[in-house]
There are 2 protein chains.
Amino acid sequence: MCELLGMSANVPTDICFSFSGLMQRGGGTGPHRDGWGIAFYEGKGIRAFHDPAPSCHSVIAQLIKNHPIKSLVVISHIRQANVGLVCLENTHPFIRELWGYSWAFAHNGQLDKRIFDLPLIFYKPVGSTDSEYAFCWLLDQIRLTFPERPDNFDELTTFIHQCCEQLRSMGVFNMLLSESQYLFAYCSSKLSWLTRRAPFGEASLKDDDLTVDFCQETTNNDVVTVVATEPLTANEAWTRLNAGELVVFHEGLAQDHRAP
Amino acid sequence: MCELLGMSANVPTDICFSFSGLMQRGGGTGPHRDGWGIAFYEGKGIRAFHDPAPSCHSVIAQLIKNHPIKSLVVISHIRQANVGLVCLENTHPFIRELWGYSWAFAHNGQLDKRIFDLPLIFYKPVGSTDSEYAFCWLLDQIRLTFPERPDNFDELTTFIHQCCEQLRSMGVFNMLLSESQYLFAYCSSKLSWLTRRAPFGEASLKDDDLTVDFCQETTNNDVVTVVATEPLTANEAWTRLNAGELVVFHEGLAQDHRAP
């Protein structure tokens, strides 16, 4: 199993605080020693870092922890390998282009061998993980059904939810997915989220000896949602997603979405 | 105009020395202040860094300069913007997947408006540069002609050369391209290369007060080629490519290739 971390915000926000907590689980307080990766959207652009080494010893992870990169949407992952060797091409998040947008994807869980029987058309995996294969299949399905980017994301969201349900039938499939503006979070077993907005308070990381007073870091209009496999802080009220639930975040806020 | 830097090696080699020289041109000794990027292949995986800020002031560029990342193929670029805003999605190298391989591409030069009339099928640009558009078109052409990865790259090389000639007819098109094992270098106006192998000597950067004795850093079997817009060292014999010339490097060595 792996750990996921996502962020959606309405103003460019750094993820240093949450990333510090996640990073400790990468061989520090957790067993996820098999690499880590993070993708920051900046407009339509994406700044991605991948490292097959444990995050708690990574020079690049240290740089991200200490050097704020501000973004509206972030997807991060630390890995404990099950399917696929520990190597760079098997390190999440995976990235592909569709409609002239860079899609990023990270997966927690394991799918059984049936995943590799699903036909692939446009997108082919570079590595050997079930996760990247599932991502290629998912983007293929989206591309076949929505050859162009739709103006309204309601139908797209329902469609992605249906595809996720199909993937969940093959095992455990917790997922974070984005195309730069929307963050899709799908839960098969474990995923929680928390929206921070005014009045901001203090938060203390479970995994690291670190407390942040968000009051000092934010304005009254800031809205920031963090999504994680397990709640990262001990003193805030996280919402756990149910199995089979998809939540879409846009500019920091959960969007209404009717299950398919 | 921009500056290109590429490397092909037969053993995992760091590019710190050459990158130090290139980085100085990013707002230091050169006018290329509009971002920089670098892609390191590690097996089929790719480790990419993109930054729209000048390389000579970039914290991430400092990290790459000081923290050796070893690779067989590297493509790097520093940008002086002509077409397209200075932003992350317009920062080279651009990356797309074909045949389950991550292709990286960087361009020096400028193509006229006709480039945007070429039809695109599978790949769409995320940003607004002529360069990324040309890359999408080039990969489309390769994909249409070679739906599967060929065993032998001779025909593919000839085909890529033909496509490059077509692009050169629309302006200045110096290019570096790779799929992880082969480095394609095409020259429209300026591109030079140098192969270092035993007996190794000393090299002194033109742009930075730095000398390396490669003897200390290498074994007798190492073969490393560096490709750059302008020679990076003053005391070595670089080969300039002719206009319309394509050279393919594999494991550090230039391959025989007959022009189309």
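The values are calculated or read from the model by the stated rules, or taken from the named source; none is laboratory data. Every value quoted in this text rests on a predicted model; they were computed, and no experiment measured them. Here Cβ is always computed from backbone atoms with ideal geometry, including for glycine, and neighbour counts include all displayed protein chains. Only protein heavy atoms, including side chains, enter the accessible area calculation; ligands, DNA and RNA are left aside. Shrake-Rupley method; radii C 1.70, N 1.55, O 1.52, S 1.80 Å.
Could you let me know the centre-to-centre spacing of segment A:136-165 and segment B:143-214, using Cα atoms, in angstrom?
38
What accessible area, summed over both chains, is buried at the A-B interface (1.4 Å probe, Å², nearest 100)?
The buried area between A and B, both sides summed, comes to about 2300 Å².
Considering chain A as a Gaussian network with a 10 Å cut-off on Cα pairs, which listed residue, A:D213, A:D51, A:D151, attains the greatest mean-square fluctuation?
Comparing A:D213, A:D51, A:D151 in a Gaussian network model of chain A, the most mobile one is A:D151.
Let me know the mean shielding of A:90-103 by other chains, meaning the per-residue number of their Cβ atoms within 10 Å of its Cβ.
Mean shielding count: 3.
Output the residues of segment B:42-88 meeting this criterion: accessible area (heavy atoms, 1.4 Å probe) in the chain alone minus accessible area with all protein chains in place is 50 Å² or greater.
Residues losing area: B:K44, B:R47, B:V59, B:I60, B:L63, B:L88.
Using only alpha carbon positions, build the gyration tensor of chain B, then give the equivalent ellipsoid semi-axes as the square roots of 5 times its eigenvalues, largest first, whole angstrom.
The three semi-axes for chain B are 27, 21, 16 Å.
Take the solvent-accessible surface of the protein heavy atoms, probe 1.4 Å, and return the percent of it on the protein assembly as shown that carbon and sulfur atoms account for.
Carbon-and-sulfur percentage of accessible area, whole number: 48.
Quick one: accessible area per residue over the protein assembly as shown, 1.4 Å probe, rounded to a whole number of Å²?
38
May I ask for the distance between the Cα centers of segment A:83-106 and segment A:234-260, given as a whole number of Å?
23
Counting Lys and Arg as +1 and Asp and Glu as -1, what is the net charge of the other residues whose Cβ lies under 13 Å from the Cβ of B:T195?
Surrounding charge for B:T195 is -1.
Just list whichever of B:K65/B:K113; A:K70/B:K206; A:K65/A:K206; A:K124/B:K65 have alpha carbons separated by over 25 Å in the model shown.
Too far apart for the 25 Å limit: B:K65/B:K113; A:K70/B:K206; A:K124/B:K65.
How charged is the neighbourhood of A:G252? Take every other residue with its Cβ under 12 Å from the Cβ of A:G252, and add Lys/Arg as +1 and Asp/Glu as -1.
That works out to 0.
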